[in-house]
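Structure first, then comments.
The values are calculated or read from the model by the stated rules, or taken from the named source; none is laboratory data. As the structure is a prediction and not an experimental result, all values here were calculated from the model. We place every Cβ from the backbone using ideal geometry, glycine too, and count neighbours over all the protein chains shown. Heavy atoms of the whole protein, side chains included, go into the accessibility calculation; ligands, DNA and RNA do not. Shrake-Rupley method; radii C 1.70, N 1.55, O 1.52, S 1.80 Å.
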Amino acid sequence: MEWHYFDPGKPQQNGYIESFNGSLRDECLNEEIFDSLAEARRKLALWRYDYNHVRPHSSLGNITPNEFSMKMAMEKRAA
């Protein structure tokens, strides 16, 4: 894997992570109140599971990231 460096203060150079950060902020962090670190970890784990295993992403052809990963692994083995 190659390293890609982004200029400080230029988040638009990495649109994927900025999109993820926006989703995390809008769908979880702005919606939840965490009373403890353990509760924060539990709620974030639930959100992460939903994000990766339940919710389809239009950027991946309306499949989940987990399905996309499995599909890519199968295609790699077939090649």
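Observations on the structure shown:
- Potential lengthening between Leu29 and Lys76 on full extension [0.36 nm per residue; Cα-Cα distance subtracted]: 13.3 nm
- Here the simple spin-label model places points 7 Å from the Cα toward Cβ, and for Asn52 and Glu67 these points are separated by 1.8 nm.
- Legend: P(r) of the chain from all alpha carbon pair distances, 10 Å bins from 0, whole percents, reading 15, 34, 34, 15, 1.
- Modelled this way, with points 7 Å down the Cα-to-C-beta line, the labels at Ile17 and Ala38 are 3.2 nm from one another.
- Stretch gain in nm, segment Leu60-Tyr5, where the contour uses 0.36 nm per residue and the Cα spacing is subtracted: 17.4 nm
- Portion, in percent, of the accessible area of the chain that falls on carbon or sulfur, probe 1.4 Å: 55 percent
- Test item: Cα-centred dipole of the chain, Lys/Arg +1 and Asp/Glu -1 on Cβ, debye: 340 debye
- Think of a 1.4 Å ball rolled over the protein heavy atoms: the chain then has 85 Å² of accessible area per residue.
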